Every structure is written in structure tokens, then in C-alpha cells.
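These notes are about the structure you will find just below.
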Amino acid sequence: QIQLVESGGGVVQPGESLTLSCTASQEILSSAPMGWYREAPGQRRELVASIMSGAGAMYGESVKGRFTITRDNAKNTVHLQMSSLKPEDAAVYYCNAEVGFQQYWGPGTQVTVST
């Protein structure tokens, strides 16, 4: 059973930056997708960014150009650098890994963007 643990959430003002990190409890092959989803109150969980070897990174439309996902396979870690944050980016952010046919989720970390 793979466990994912997120860190880095918090409260920021619009326009500021924040970096989220997620570490897996065991090795995840670089060919397996890892990424971030987010869920705001009353909304569906949506893809923020995903990364895997061979396919590179993909982003949700609303974060393209502002967010960057990176992955350190040696440390089983994936990072999400978020810049130019907007109030609509506020949500619980979940780390995700897809290994074989199994989806793994972290418990989530809250990001609040508010003046």
C-alpha cells in the first residue's frame, strides 16, 4: 500500500507564490503518473498537473503558465510550484499516484488565497 503525504499548504495573498510537496512511502516508477488534483467547496475534483516519464507534464487549463510540476524520482517526491495565485485557486490540493490500475491519494493540504 503506497502512502502519499502532502506538505506546503497555507494562506497566501493574491499574486503570491506557494510550493506544495508530496512524498510517497515507497518507490514509484517514473513511468507511473504522479500529480496534483484540487477540490474546492461545492466543486468537482479537478486535475491541476500531472507528470510522468515519456509524456512529460500536463496542466489544467486554468493553471497553465502559472504552475509548474516537477518530480524527483530518487526521492519519490513531486512538487507543485504555484505562482500568481488567484482566489479561485483556493482549494484542498491532493497528491495522486497511479500505479498499475490502482489510484493512490494523499489526505490533502489546504491552500487559501485571500486578502
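The values are calculated or read from the model by the stated rules, or taken from the named source; none is laboratory data. Everything numeric here is computed off the predicted structure, so don't read it as measured data. When we count neighbours, we look across all protein chains shown, and the Cβ atoms used for this are built from the backbone with ideal geometry, even at glycine. When the accessible area is computed, the model is the full protein with side chains, heavy atoms only, and any ligands, DNA or RNA have been set aside. Shrake-Rupley method; radii C 1.70, N 1.55, O 1.52, S 1.80 Å.
Keeping every protein chain present and rolling a 1.4 Å probe, give me the accessible area per residue for the chain in Å².
Numbers: 6240 Å² over 115 residues.
With the other protein chains kept in place, the chain gives 54 Å² per residue.
If you roll a 1.4 angstrom probe over the protein chains with everything in place, what fraction of the accessible area of the chain belongs to carbon and sulfur, to the nearest %? Provide the component values of the computation, followed by the final result.
Details: 3020 of 6240 Å².
Result for the chain: 48 percent of the exposed heavy-atom area is carbon or sulfur.
Longest span of the chain, sites excluded, free of GluC sites (Glu not before Pro) in DSSP loop with at most 15 other C-beta atoms within 10 Å? Let's see the in-between values first.
Numbers: sites that count: Glu16, Glu27.
With GluC sites (Glu not before Pro) excluded where exposed in loops, the chain gives 28-115 as its longest stretch.
Working from the pairwise distances between different alpha carbons, so that the mean of 1/r is found and then inverted, what is region 1-50's Kirkwood radius in Å?
For region 1-50, inverting the mean 1/r across all distinct Cα pairs yields 13.1 Å.
Taking a label point 7 Å from the Cα of Thr68 along the Cα→Cβ vector, which residues of region 85-115 have an amide N closer than 20 Å to it?
Residues passing the 20 Å test: 85-86.
Can you grab the distance from the C-alpha centre of region 101-115 to the C-alpha centre of region 29-96, Å, no decimals?
Answer, in whole Å: 10.
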